[in-house]
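Reading through the structure tokens given below for one structure.
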Amino acid sequence: MNTSTFSPSSILVTGGAGFIGSNFVRAWIEERPACRITVLDKLTYAGNLENLADLEGKYSFIKGDICDEETVRRALAEHEVDTVIHFAAESHVDRSILGPMVFTHTNVMGTHVMLEESRKHGVKRFVHVSTDEVYGSLGPEGSFTEQSPIDPTSPYAASKAASDLVVQSYIKTFDFPAMITRCSNNYGPWQFPEKLIPLMLTNAMNDRALPVYGDGMNVRDWIHTRDHSRAVMRVLEAGTPGEVYNVGSSNEWPNIDIVKLILKTLGKPESLITYVKDRPAHDRRYAIDSSKIERELGWKAEIGFDDGIAETIAWYQSKQDWLARVMSGEYMEYYDKQYSER
Ligand code: NAD
Ligand code: DAU
């Protein structure tokens, strides 16, 4: 196991006002209070400073676009950044089917700008937060390892795969000290309600139909976002530059079983389930082999799904105000476009 550790003095977190980014920022401030932390976020529909409200005064914030070279250059210089944790992205598969271009722009061009400016600035570590979706879809057996071929199917997954390749070209060409993490499906607090678990939760709480794609038997491998945050921290501090680390918690569920679990916990009837037209190119199954990060860095998921999902459901039940705000306006337009003709 790698025992050497890197100790950053000033980190820049892109996308820190989104779901996983805000959970990471909270975990980092708790665990490493002495380190300077700056969040760079464009505050798209998915980014929300309310997600960080309890941390006011403990981090610096820059509202800006990762595609804008000048903004990134200034952020790195003014905050004397030595480490970048790159979460910022367009992240929803369904939106990448409705409007793909912004995915390539943000996820590929934005990542390239982050890399180039970080290289020129001389950052010492760069963690690129990628996804298991770059590997495409699995059959009923086996799991993704870091050697699995890159075979994305949606414009979202393709844009993340392309960004991974740009990162790898910087590692090879410039000896740039980047590392890539590829995590499975996250759940937990502050997830935008367009994604499966919070969407089904909010619909069920409001006695609305639960739109299950296809036969509901697509399988996802769920990990609590706090376990993902701990993995990113571990990779940053103990990972080997140039390496890829898969992150998951061996917790596979067919979608329909998750939906039924949510209904049961809320005491709502299964008659709310509505099978709708499938997502195009819908990946059948994801499963992550995390043995490399467990063996080499000593990381392991710690939050059991029973506890994690119960806590998440209770969190959403207690956050009606936040939900009402993020689900207004743009979200309702999106919801209508995505679901009205399914
Ligand atoms: P999210 O959509 O909740 O948040 C994305 C954040 O990025 C938002 O705060 C948004 O404002 C910001 N952003 C978007 N475009 C930007 C731009 N041009 N400049 C600056 N900021 C911008 O996403 P998430 O679910 O928290 O995912 C974060 C990262 O983790 C993404 O890179 C995603 O690919 C990856 N990932 C997500 C999951 C998952 O299950 N959600 C799993 C594995 C990996
Ligand atoms: O695997 C990691 C990826 O997980 C991340 O890279 C992505 O950013 C994240 O969005 C997530 O992608 P998925 O497509 O797996 O997540 P989503 O929550 O959109 O869907 C999960 C499953 O639920 C998928 O099989 C599609 C299905 N689904 C989803 C929605 C929104 C439905 O059946 N109905 C729905 O309304």
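The values are calculated or read from the model by the stated rules, or taken from the named source; none is laboratory data. This structure is a prediction, so every number in the text was calculated from the model and none was measured. Please note: Cβ atoms are built from the backbone with ideal geometry, for glycine as well, and neighbour counts cover all protein chains shown. The area values use the complete protein model at the heavy-atom level, side chains included, leaving out ligands, DNA and RNA. Shrake-Rupley method; radii C 1.70, N 1.55, O 1.52, S 1.80 Å.
A few notes on this one:
- Shape category assigned to the stretch 35-120 from the gyration tensor of Cα positions, a/c cut at 1.5: oblate
- Lys, Arg +1 and Asp, Glu -1 on Cβ, resulting dipole of the stretch 44-171 about Cα centre, debye, nearest 20: 280
- Distance from the C-alpha centroid of the stretch 173-246 to that of the stretch 271-336: 7 Å, rounded to the whole angstrom.
- Taking a point 7 Å from the Cα of Glu302 along the Cα-to-Cβ direction, the residues of the stretch 27-48 with backbone N closer than 14 Å to it are 27-28, 30-32.
- The lysines whose alpha-carbon is closer than 17 Å to the alpha-carbon of Lys337, local same-chain residues fewer than 8 away aside, are Lys195, Lys277.
- Crossing angle, helix 196-205 versus the chain [Cα axis fit, 0-90 degrees, rounded to tens]: 40
- Label-point separation, Asp321 to Lys277 (7 Å along Cα→Cβ), nm: 4.0
- Computed about the Cα centre, the dipole magnitude for the stretch 125-216 is approximately 300 debye when only Lys and Arg (+1) and Asp and Glu (-1) carry charge, each at its Cβ.
- Nearest-10 value in Å² for the accessible area of Tyr275, using the 1.4 Å probe: 120
- Backbone amide hydrogens, once placed in the peptide plane, bring Asp151 within less than 5 Å of Tyr135, Gly136, excluding anything fewer than 5 places away on its chain.
- For Leu201, Leu196, the ranking by accessible surface with the largest value first comes to Leu196, Leu201, using a 1.4 Å probe.
- Dipole magnitude of the chain about its Cα centre (Cβ charges: Lys, Arg +1; Asp, Glu -1), debye to nearest 20: 120
- The heavy atoms of Ile171 present about 30 square angstrom of accessible area, all protein chains included, probe 1.4 Å.
- The chain - percent relative contact order, Cα under 8 Å, separation 6 or more: 19
- Paramagnetic reach from Ser169 (point 7 Å along Cα→Cβ, amide N under 13 Å) across the stretch 105-122: 108-113, 115-116
- A simple spin-label model places pseudo-atoms 7 Å from Cα toward Cβ; at Ser60 and Ser250 they are separated by 4.3 nm.
- Residue among Gln317, Asn255, Gly298 farthest towards the positive dipole end of the stretch 252-342, charges placed on Cβ: Asn255
- In the chain, helices alone account for a calculated mean residue ellipticity at 222 nm of -12000 deg cm²/dmol, with every DSSP H run of four or more residues adding -39,500 (n - 2.57).
- Farthest toward positive dipole pole in the chain [+1 Lys/Arg, -1 Asp/Glu at C-beta], among Leu266, Ile97, Tyr213: Leu266
- Dipole axis of the chain (+1 Lys, Arg; -1 Asp, Glu on Cβ), positive-most option in Val108, Tyr156, Ile85: Ile85
- Average accessible surface for the chain: 41 Å² per residue, computed with a 1.4 Å probe over protein heavy atoms with every protein chain in place.
- Computed on the stretch 28-148, with alpha-carbon pairs under 8 angstrom and 6+ residues apart, the relative contact order is 25 percent.
- Against the main long axis of the alpha-carbon atoms of the chain, helix 155-174 sits at an angle near 10°.
- Placed amide H near Ile37: partners under 5 Å, 5+ positions off or other chain: Ile11, Ser60
- Per-pair calculated FRET efficiency, R0 = 41 Å: Leu49 and Glu270 via Cβ, rounded to 0.05: 0.65
- Amide H contacts under 5 Å for Val276, placed H, 5+ residues apart: Val212, Tyr213, Gly214
- A straight Cα-to-Cα reach below 30 Å connects Lys120 with the lysines Lys42, Lys58, Lys63, Lys160, Lys172, residues fewer than 8 places away in its own chain not being considered.
- Percentage relative contact order, the stretch 173-282, counting C-alpha pairs under 8 Å, at least six apart: 42
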